[in-house]
Amino acid sequence: MFARAKKSGKYQYLQIVENKKEKGKVRQRVIATIGRMDQLQSKGRVETLIRSLSRFSEQALLIISGKSDVSADSKKIGPVLIFERLWEEAGIRKAISRVLEGRKFEFDVERAIFLTVLHRLLVSGSDRFCHRWCRDYIIKGIEGLELHHLYRAMGFLGEALDVQNESTGFSPRCNKDLVEELIFSHRRDLFSDLDLVFFDTTSIYFEGHGGESIGQFGFSKDHRPD
């Protein structure tokens, strides 16, 4: 079954037609004549009919294009909902807000950091690409964020603290360290034990005389000759 425009005289008429096989031959039978095409189109009745019929289909996706003024757009929301929930439960939003206390910015620093982290989790890439990438997602609170805000948010995390009493000597303590420590303590209580600790050993090395097993020379990711 299908629709067709049939010319009769100087007008075209919209018809609903079906193909029917009779004695081995396919014949067309007009089920209904909807009306004159020019009148239907001028009053928008073709689009109304299509929308009405689409309600009875479980598989049809209605996108009206061509001469219609209706436009279709789509945005992703699933990954945002998942990581937004994890962001909250891990205490990251609360930790960043606490470190931001007493500071004033003309943009939402926490939302800029969340956007950057979400981008790295899903596709990775530069902050410049992140600013374009986020247009395909619905992310609460990022309205008005510009590219330079993402740069400034990263600068805030790397900003050195005034007091460096607990500095390791390899690098100064910064706001990022405070955020990480607050996240660590967020889910910790008096009965928590540190039975397992993970270290990032991507670029770790030691100097001195090693043993015969673990201290032997190995492959270096920093292209060190020793």
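No lab work stands behind these numbers, since they all come straight from the coordinates. For clarity, every value in this text was computed on a predicted model and none was experimentally measured. Here the Cβ positions follow ideal geometry from the backbone for every residue, glycine too, while neighbour counts run over all protein chains shown.
Overall, segment 78-186 carries a charge dipole of about 260 debye about its Cα centre when +1 sits on the Cβ of Lys and Arg and -1 on the Cβ of Asp and Glu, all other atoms neutral.
A straight chain from Phe105 to Val117 at 0.36 nm per residue would run longer than the Cα-Cα distance by 2.4 nm.
Size estimate for segment 2-54 follows the Kirkwood approach: the inverse of mean 1/r over distinct Cα pairs works out to 12.2 Å. Number of Lys-Lys pairs in segment 2-54 with C-alpha atoms under 26 Å apart and a separation of 8 or more places or on different chains: 10. The translational diffusion coefficient of segment 78-186, from Stokes-Einstein at 4 °C and 1.567 mPa s with a Kirkwood hydrodynamic radius over alpha carbon pairs, comes to 88 µm²/s. Checked against a 20 Å cut-off, the cross-linked pairs Lys75/Lys104; Lys94/Lys140; Lys76/Lys104; Lys75/Lys140 give Cα-Cα distances beyond that limit for Lys75/Lys104; Lys76/Lys104.
Extension gain, Ile50 to Asp193, is 45.1 nm, computed as 0.36 nm per intervening residue step minus the present C-alpha separation. With R₀ set to 22 Å, the beta-carbon distance separating Asn19 from Ser42 gives a calculated FRET efficiency near 0.15.
In a reduced charge model with +1 at each Lys and Arg Cβ and -1 at each Asp and Glu Cβ, segment 126-166 shows a dipole moment near 300 debye about its Cα centre. Residues whose amide H falls under 5 Å from that of Gln12, counting only those 5 or more places apart or on a different chain, are Met37, Asp38, with hydrogens built in the peptide plane.
Placing unit charges on the Cβ atoms only, positive for Lys and Arg and negative for Asp and Glu, gives segment 2-54 a dipole magnitude near 300 debye about its Cα centre. A simple rule links phi to the HN-Hα coupling: the Karplus curve 6.51 cos²θ - 1.76 cosθ + 1.60 with θ = phi - 60°, which for segment 142-150 gives 9, 4, x, 6, 10, 4, 5, 5, 5 Hz, with x for Gly and Pro. Picking from Ala90, Phe129, Gly141, whose Cα lies most toward the positive end of the charge dipole for segment 78-186 (charges on Cβ: Lys, Arg +1; Asp, Glu -1)? Most positive-ward Cα: Phe129.
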